[in-house]
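I have a structure here, written as structure tokens, and I will follow up with some questions on it.
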């Protein structure tokens, strides 16, 4: 049988703050991204989400309460600390989150410098008042100044002067010698080494790093690889499926944050294009995994633009009938999110929220899947459905789904 698992993640579409937010993320208490987006946009129309059963989860007065849902439904808790897209996606794909630490790069700088030098690199600290590492006079290792304090280090490069493979080798050396959440190796073309160095800034909280938009790395030939702490693709659903001879397609932001050697990759940010790419992959993939992320919801959350957020949800909803039509009786569609980003909460960062869970098969009846411990239950279920070895983390909810 040609079974397929289709995973559709709406980035940051949370459904209520987690209980531990009271202790660790008090700024997120009261967050409920999906509910508050509907509150702010009472004319929103999401009939296909409603058909699947979203209001079994949201219990929102503006949505239809009488519809008999097509999908099984529930909620997923975050096992990773905080609320992070990279960790969230890797948890979704079956990784068990590891305990990281937070520290500005300057606290690890000398250890990283020694490690790079031991591998034969020329490493300088050009400015002790603005501390960062300059590797082979080309690559800058420093804080990521576009995210939360002390969680991510960037390895930034001018790709007209060094190959991305060589940048990645530097990034992997940094990764081996630090325990922060992430090391990001990135670079772009038409970027001079001097322009990169002139884009170094100190943030108000003291972090020092490249202002990536100012450096122009995103404008032409941008390449990036996220290196997470303690994350092994070998134990994630896409790699397990690929090694078993199945097809794997990663669409949109999913291909930015999940690594799977040999997977088909369809990069994209525009929601309409992402949805069209999903449909295209459904026409070509015969058996395996199609995993996609809609990113513009998260961008709207960061912009605190609830109207834009609602518009992106509606656009996804408009495409759902085409996805249903392309589905066979052997397909399993799982929809969820990776964390929250409530545009009404009063700050522009991710919010620590549970995520919604909708699991739809044409031949299965709707059941309440309850509140589950981890996002990894998505991958565990996908692996079980495809008859694959289990992922590192997660419990399958497949036994609860009943045939009609």
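So how far apart, in nm, are the two label points at residue 204 and residue 318 if each is 7 Å from Cα heading toward Cβ?
My value for the distance between the label points is 3.8 nm.
Work out how much length residue 2 to residue 363 would gain on full extension: take 0.36 nm times their residue separation and subtract the Cα-Cα distance, in nm to one decimal.
In short, 128.4 nm is gained.
If packing is taken as the mean number of other Cβ atoms within 10 Å per residue, what is the order of 150-159, 380-389, highest first?
Taking the mean over residues of other Cβ atoms within 10 Å, the ranking is 150-159, 380-389.
Which FRET efficiency value, to the nearest 0.05, is calculated for residue 177 and residue 211 with the Förster distance at 25 angstrom and r the Cβ-Cβ distance?
Using R0 = 25 Å, I get an efficiency of 0.50.
Contact order normalised by length for the chain, with contacts defined as Cα pairs under 8 Å and 6 or more residues apart; what percent is it?
Relative contact order for the chain comes out at 30 percent.
Between 390, 255, 59, which gets the highest mean-square fluctuation from a Gaussian network model of the chain, Cα cutoff 10 Å?
The residue that fluctuates most here is 59.
Let me make sure I get this right: for the range 105-228, a, b and c are the square roots of the gyration tensor eigenvalues over alpha carbons, sorted descending. Under 1.5 in a/c it's rounded, otherwise prolate if a/b > b/c, else oblate. Which is it?
Because its axes are fairly even, with a/c under 1.5, the range 105-228 counts as rounded.
For the range 213-334, I need the span (max minus min coordinate) of the C-alpha atoms along each principal axis, in Å, sorted largest to smallest.
42, 36, 26
Which percentage, to the nearest 5, of the DSSP beta bridges contained in the chain is antiparallel?
Taking every DSSP beta bridge within the chain, about 50 percent pair in antiparallel fashion.
Where Rh is the Kirkwood radius over the Cα pairs of the range 261-404, the temperature 37 °C and the viscosity 0.692 mPa s, what D in µm²/s does Stokes-Einstein return?
196 µm²/s
Which FRET efficiency value, to the nearest 0.05, do you get for residue 117 and residue 22 by plugging their Cβ-Cβ distance into 1/(1 + (r/R0)^6) with R0 = 41 Å?
Computed FRET efficiency for residue 117 and residue 22 comes out at 0.35.
Which residue, 35, 350, 161, tops the fluctuation ranking in a GNM of the chain built on C-alpha contacts under 10 Å?
Looking only at 35, 350, 161, the largest GNM fluctuation is found for 161.
Also, I was wondering about something else. List the extent of the Cα atoms of the range 1-116 along each of their three principal axes, largest first, rounded to whole Å.
Principal-axis extents of the range 1-116 (Cα, largest first): 63, 46, 23 Å.
How much FRET efficiency would the formula 1/(1 + (r/R0)^6) give for residue 272 and residue 220, where r is the Cβ-Cβ distance and R0 is 25 Å, rounded to 0.05?
For residue 272 and residue 220, the calculated efficiency is 0.60.
How far, in nm, would the chain grow between residue 330 and residue 395 when pulled straight, counting 0.36 nm per residue and subtracting the alpha carbon separation?
The span from residue 330 to residue 395 would gain 21.3 nm if fully extended.
Output needed: percent of Cα pairs per 20 Å distance bin for the chain, bins running from 0 to the one holding the longest distance.
In order of increasing distance, the bins hold 28, 56, 16, 0 percent.
Running a GNM on the chain with Cα contacts under 10 Å, which residue among 310, 103, 379 ends up with the highest mean-square fluctuation?
103
Going by the alpha-carbon gyration tensor, a ≥ b ≥ c the square roots of its eigenvalues, is the range 315-395 rounded (a/c under 1.5) or, if a/c is not under 1.5, prolate (a/b greater than b/c) versus oblate?
oblate
Report the label-to-label distance for residue 45 and residue 303 in nanometres (one decimal), using points 7 Å from each Cα along the Cα→Cβ vector.
It works out to 2.3 nm between the two label points.
On full extension of the chain, what length is gained from residue 194 through residue 284, given 0.36 nm per residue of separation minus the C-alpha to C-alpha distance?
The residue 194-residue 284 span can extend by a further 27.9 nm.
Report the relative contact order of the range 105-228, percent, no decimals, based on alpha-carbon pairs under 8 angstrom and at least 6 residues apart.
26 percent
Rounded to the nearest Å, what's the spacing between the alpha carbon centres of the range 318-380 and the range 270-289? Just the number, please.
That distance is 17 Å.
Here, each number is a calculation from the coordinates, and none is a lab measurement. This is a predicted model, so every value here is computed, not measured. Note that we place each Cβ from the backbone using ideal geometry, even for glycine, and neighbour counts take in every protein chain shown.
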